[in-house]
Amino acid sequence: MKFLTKEVQIALVAIVGIVVLFFGLSYLKGLSLFSNDNIYYIKFSNVGGLSASSPVYARGLRVGTVKALDFDFEEADEITAQIMLDQRLLLPAGTTATLESDMLGNIKINLIFPEDLNVSKLAQGDTIVGAVNAGIMAQAADLLPSIKQMLPKIDSILVSLNTLASDPALANSLHNVDQITGNLKTSTRELNVLMAQLNHEVPGMMTRANTVLDNTSELTGKLNELDLAATMAKVDATLENVHEMTEALNSKKGTLGLLMNDPGLYDNLNMTMRSADSLLIDLRKHPKRYVHFSVF
């Protein structure tokens, strides 16, 4: 009778399949059945959805896995999480653990090391103090009361915005903005035409400006050629002569000075002119007194 009958072969294949499935599931869960990972315990008041095979991180790097969760049914106040850590990781005394969740609801344990790492190390099997950090979702839940208080204000703001949007003045303003934009386009077009004309006329203007500058330079050269010192000397001499003549007129020396400053001479001249006038009048009236005609 053969031992490896068809039934035995089927049974062996089934057993091998079960063993492979078991090890495969353990591998996918992160459990190492034949490893020398260090075992530590963490006590939580609430695990918040933590389960076996959940990851354990330290400073952003995965260093272990949750092996099992034990609930204290007698006291019912704590849950102990058994974790397996890489044997190369030695936890310093004072290490704590927190439960953290992401936006997708995945739970993980995060190990927090103390600031001073030069302390004694925890032995395998020691218990770590745990805490719960709900993360972003808890912060959002804390904000809900504030958001609830803000809702009436937001509603009033929306009502005001609707009122403003339905106001005909806003539509008129927008229409005016369109007109202003059209005017700006027209002004820009005219400005471009003006700039084109200026660009065409600027060379001629620059030529005329250069001509004016050349004439100015020529005039400046001619002025530099003039003997300004001699001219000013002549002007000074002329002014000196005028000054001397003015002083002579103001003094009582000389005929003009006496004539302008001596009242007696003026009176005598005035009397002489009156006498001459009287003489001429008498001569016209009685010419025979002064002229005698005789034939023989």
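Residues whose amide H falls under 5 Å from that of TYR57, counting only those 5 or more places apart or on a different chain, are VAL63, ILE109, ASN110, LEU111, with hydrogens built in the peptide plane.
Projected label points at VAL16 and ASP214, each 7 Å from Cα along the beta carbon direction, are separated by 11.1 nanometres. Descending by average beta-carbon neighbour count within 10 Å, the peptides 99-107, 10-18 line up as 99-107, 10-18, the highest first. Amide H to amide H distances under 5 Å link LYS67 with SER53, GLN82, ILE83, MET84, where only residues 5 or more positions off or on other chains count and H is placed in the peptide plane.
In a reduced charge model with +1 at each Lys and Arg Cβ and -1 at each Asp and Glu Cβ, segment 36-134 shows a dipole moment near 480 debye about its Cα centre. Once the chain from HIS200 to THR272 is taken as fully extended at 0.36 nm per residue, the excess over their C-alpha distance is 17.5 nm. Couplings for segment 268-275, taken from phi via the Karplus curve 6.51 cos²θ - 1.76 cosθ + 1.60 with θ = phi - 60°, read 4, 4, 5, 5, 4, 5, 5, 5 Hz in order; Gly and Pro are left as x. Backbone phi angles across segment 184-199, fed through the Karplus curve with coefficients 6.51, -1.76 and 1.60 (θ = phi - 60°), yield HN-Hα couplings of 5, 4, 4, 4, 5, 5, 5, 5, 5, 5, 4, 5, 5, 5, 4, 4 Hz in residue order; Gly and Pro are listed as x.
Computing FRET efficiency as 1/(1 + (r/R0)^6) for PHE71 and THR127, where r is the C-beta to C-beta distance and R0 is 22 Å, gives about 0.90. Each residue of segment 114-129 was assigned a 3J(HN,Hα) from its phi angle through the Karplus curve 6.51 cos²θ - 1.76 cosθ + 1.60 (θ = phi - 60°); the sequence is x, 5, 8, 8, 8, 10, 5, 9, 6, 7, 4, x, 6, 9, 10, 6 Hz, with glycine and proline shown as x. Extending 7 Å from Cα along the Cβ direction at VAL119 and again at ARG289 yields two label points whose distance is 15.7 nm. The gain in end-to-end length when the THR238 to GLN9 segment is fully stretched comes to 67.5 nm, 0.36 nm per residue minus the alpha carbon separation.
Read-outs throughout are calculated quantities, based only on the coordinates presented, and are distinct from any laboratory measurement. What you see is a predicted model; the values in this text were computed from it and never measured. For neighbour counting, all protein chains shown are included, and Cβ atoms are generated from backbone atoms with ideal geometry for every residue, glycine included.
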